[in-house]
Amino acid sequence: MRTVSVQLGNRSYPIKIAAGLLAKLGAECARLKPGRRCAIITDTNVGKRFAKTAYESLVKAGFEPSLVTVPAGETAKSLKSVQTCYDQLAAQRLERKSFIVALGGGVVGDLAGFVAATYLRGITFVQVPTTLLAQVDSSVGGKTGVNLKAGKNLVGAFYQPRLVLCDLATLNTLPEREFRAGLAEVIKYGIIYDARLFSRLERNLAKLLKRDPKTLTDVVARCCEIKADVVSQDETESGLRAILNFGHTIGHAIENSVGYGKYLHGEAISIGQVAAAKLSHEILGLPVTEVNRIDQLFRSAGLPTQIRLKVGQDRKLATAMKLDKKVSGGEIKFVLAKRIGKVLWGQRVSPQQIDRVLW
Ligand SMILES: NC(=O)c1ccc[n+]([C@@H]2O[C@H](COP(=O)([O-])OP(=O)(O)OC[C@H]3O[C@@H](n4cnc5c(N)ncnc54)[C@H](O)[C@@H]3O)[C@@H](O)[C@H]2O)c1
Ligand SMILES: [Zn+2]
């Protein structure tokens, strides 16, 4: 088992990474010394595969779990689902010492995390991410929240889990498209922080796509280390943490303007990262060879790198970009790369420059 620590003083927590961890969920939670009652929040897809193992493991460790299942997909990241969860937690009489297990991908993690942050003003929360994206990104770092009609993640809280259990075996049932979408965040870590990781991904992509256990363990652990390192330096995104948003300003705008559902998050930020690499060339002189390597790695991972917009959609995209949380004072600020492995945040980009790289 690999363990990565997120260092946040008395709120520090471990990320444990290995195949088969789900069966040890109960024993791992027992170390936190919480109360007996707990709730597993999951979605329909994940629940039917893994809820039984999670449930039985908790029972075996002496807990009294209840199960809350939300529909699968981004639409579950809503205030309506938050309400459903609160009602069920209250009906099961979860109290201050009770805890919540988020069993699922980023949607369940963000939703359950927000519920845990706010129910009784905050109860203990454990992340059990089951998508590649959630294992390398969303389950670590304490950003929780839901979407509004006006945009993604507009309501939320910073709330750290006490433990993250990445069971690599759960990835075996993940659909191919979802796995590839997760790779978009993996590649991101190479671009923003670790040129050696980027080269390793170029060399080992075939093995990674086959979900070779050793390659997967190394890659997931390295990504978690990077995220942990960034988050422990800047938990609430007053500076450095912004680098994790590389490719996300355009990515989020794509998700919002063409509607949730057409592109997966990872696919939208794949397009966003390639666009950001082109902007990086224009603005920071990122060498063309590196722009091409970035473009090629996303393509080889089977991810989209360009968007075809219909008439009128371009305006919608621009509006969506202005609504993005990273906009302050009307100006769009980007994370741009100087070279692979080194990025700068807070870079001003004009709408014309964005137009040039997108259309
Ligand atoms: N909090 C953060 O820091 C952060 C970071 C990145 C992304 N996010 C959020 O994460 C969300 C996307 O997460 P996601 O890509 O994991 O999507 P997701 O949670 O919707 O999961 C993708 C699909 O895979 C299914 N699934 C999950 N695990 C499975 C498994 N092991 N086997 C079979 N099917 C499985 C789910 O039911 C769903 O249909 C977005 O809402 C995004 O905003 C949050
Ligand atoms: Zn992301």
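Residues that are more than 13 Å from ligand 2 (Cβ to nearest atom) and among the charged types (D, E, K, R) within segment 126-159 comprise just one, Lys149. When segment 174-185 is filtered for residues that are more than 9 Å from ligand 1 (Cβ to nearest atom) and either part of a strand (DSSP E or B) or open to solvent by less than 30 Å² (accessible area, probe 1.4 Å) (or both), the ones remaining, listed by number, are Phe179, Leu183, Ala184. The number of residues in segment 261-273 that are among the aliphatic types (A, V, I, L, M) and buried (at least 24 other Cβ atoms within 10 Å of the Cβ) comes to 2. Taking every residue in segment 121-139 that is farther than 21 Å from Ser5 by Cβ and without any contact (Cβ under 8 Å) to a residue 40 or more places away in the chain and pairing it with any residue that is among the aromatic types (Phe, Trp, Tyr) and more than 9 Å from ligand 1 (Cβ to nearest atom), at least 6 positions away or on another chain, the pairs with Cβ-Cβ distances below 7 Å are Gly122/Tyr159; Ile123/Phe99.
Restricted to helices (runs of 4 or more DSSP H) entirely inside segment 280-359, those with at least 3 residues that are at pLDDT 85 or above, within 24 Å of the chain's Cα centre (by Cα) and crowded, with 18+ Cβ neighbours inside 10 Å are 288-300.
Per-residue answers, yes or no, for (1) within 12 Å of ligand 1 (Cβ to nearest atom); (2) acidic (Asp, Glu); (3) touching a helix residue (DSSP H, G or I) at 6+ places or on another chain (Cβ under 8 Å):
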residue: Val274; (1), (2), (3): no, no, yes
residue: Ser280; (1), (2), (3): no, no, yes
residue: Leu284; (1), (2), (3): no, no, no
residue: Glu290; (1), (2), (3): no, yes, yes
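Summed over segment 220-248, residues that are open to solvent by 10 Å² or more (accessible area, probe 1.4 Å), in a helix (DSSP H, G or I) and away from ligand 1 (no atom under 13 Å from the Cβ) total 6. Among residues of segment 80-95 that are within 15 Å of Thr124 (Cα to Cα) and aromatic (Phe, Trp, Tyr), those with a beta-carbon under 9 Å from a residue that is open to solvent by 10 Å² or more (accessible area, probe 1.4 Å) and at pLDDT 95 or above at least six positions away or on a different chain give the pairs Tyr86/Thr118; Tyr86/Tyr119.
The values are calculated or read from the model by the stated rules, or taken from the named source; none is laboratory data. All of these numbers come straight from a predicted model, not from anything done at the bench. Every residue, glycine as well, gets a Cβ built from its backbone with ideal geometry; the counts of neighbours run over all protein chains shown. Surface accessibility is based on the protein's heavy atoms, side chains included, excluding ligands, DNA and RNA. Shrake-Rupley method; radii C 1.70, N 1.55, O 1.52, S 1.80 Å.
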